[in-house]
C-alpha cells in the first residue's frame, strides 16, 4: 500500500466516524425532543441533518477518487466499496431521526395518550446498534458485526409489541388515533435505524470475510 493510499483511506475512516457521530447524536436528540419540545434543540437537529447530507457527498467523492487514483485491491477495495454503501445507510438513518422530530411535533399538539409509550428500551438498543456498527466497520471486527446483527431480533420484537399496545390504546381511547399513529411511526423509524445498522454490520462481514450474509436463509 502506498503512503498516499493509506493517507486517503485514513481520511475516509475519520469522515465515516464523524458522519456516524452526527447521526447518533441526532437520533439521541430526536428521542429526547419527544419528552421536551425545545426550539434550540430542534434547530440543532436540523443543522446536523444539513451537515450529514453534506458529509455523505464528501465521503462518496473521496471514495470515488480513491478508486480512480489508487485502484485498490483485496481488503482495501472491499473497504472502499463498503464505505460507499455505509454512507448511504448513515444518511438514511439521519432521515429517520428527522421523521421522529416531525412526529414529536404532532404529538406535542395533541392530547396525550392515557398510557406511557415504552420507547426507552428501543432507544437503548438503537444507540448500541449504531455505535456497534460503526465500531465494527472501523475495527473490521466480525464478532462485533455479528453481535449487531443479532440485536436486531429484539428490536423487531419490541416494535411488534408497540403496535399491539397502540392498537389497544386506540380502541380504548379513539380520540388518541393521531398520537397513536405518530408513536407507531416513531417505533417504525427506530426499527428502520436498526435495520440500517444491521446492513452496515453485514457489509463489514462481507468486507472482512468475503461472505454475503444479507440474503442468507436463516
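Read-outs: derived from the displayed coordinates by stated rules, not from any lab. The model shown is predicted, which means the values in this text are computed figures rather than measured ones. Glycine also receives a Cβ, built like all others from the backbone with ideal geometry; neighbour counts cover every protein chain displayed.
Taking only Cα atoms and a 10 Å spring cutoff, compute GNM fluctuations for the chain and point out the largest among 86, 59, 177.
Among 86, 59, 177, the largest GNM mean-square fluctuation belongs to 177.
Pick from 39, 132, 161: which is most flexible by mean-square fluctuation in a GNM of the chain where alpha carbon atoms under 10 Å apart are linked?
Checking each option, the largest mean-square fluctuation is seen for 39.
Quick one: among 129, 181, 207, which has the greatest mean-square fluctuation in a GNM of the chain with alpha-carbon springs under 10 angstrom?
Between 129, 181, 207, it is 181 that shows the largest mean-square fluctuation.
Between residue 74 and residue 41, what FRET efficiency comes out of the Förster formula 1/(1 + (r/R0)^6) with R0 = 41 Å and r the beta carbon distance, rounded to 0.05?
Working: r = 45 Å, r/R0 = 1.09.
Computed FRET efficiency for residue 41 and residue 74 comes out at 0.40.
I'd like the FRET efficiency for residue 10 and residue 121, computed as 1/(1 + (r/R0)^6) with the beta carbon distance as r and R0 of 25 Å, rounded to 0.05.
Numbers: r = 37 Å, r/R0 = 1.46.
E(calc), rounded to 0.05, equals 0.10.
Mind sorting out which of (1) 1.12; (2) 0.95; (3) 1.05 is the real Cα Rg over 2.2 N^0.38 Å computed from the coordinates?
Comparing each candidate, only (1) matches the computed number.
Once R0 is set to 30 Å, what does the formula 1/(1 + (r/R0)^6) return for the Cβ-Cβ distance between residue 131 and residue 81, expressed as a FRET efficiency to the nearest 0.05? The partial results should precede the final answer.
Working: r = 23 Å, r/R0 = 0.76.
Computed FRET efficiency for residue 131 and residue 81 comes out at 0.85.
Once fully extended, how much extra length lies between residue 32 and residue 61, figured as 0.36 nm per residue of separation less the alpha-carbon to alpha-carbon distance?
Numbers: separation 29, 0.36 × 29 = 10.44 nm, distance 3.32 nm.
Full-extension gain reported as 7.1 nm.
Just to be sure I understand: if I project the alpha-carbon convex hull of the stretch 1-123 onto a plane and average over all orientations, what area do I get in nm²?
Working: hull surface 34.5 nm².
Its Cα hull, projected and averaged over all orientations, spans 8.6 nm².
Taking 8 Å as the Cα distance limit and 6 or more residues as the minimum spacing, I'd like the relative contact order of the chain as a percentage. Spell out each step's value before the answer.
On the way: 245 pairs, mean separation 56.8, N = 218.
Reported as a whole number, the value is 26 percent.
Using the Cα gyration tensor of the stretch 19-67, with a ≥ b ≥ c the square roots of its eigenvalues, what is the shape: rounded (a/c below 1.5), prolate (a/b larger than b/c) or oblate (neither)?
Numbers: a/c = 6.09, a/b = 2.94, b/c = 2.07.
The shape class here is prolate.
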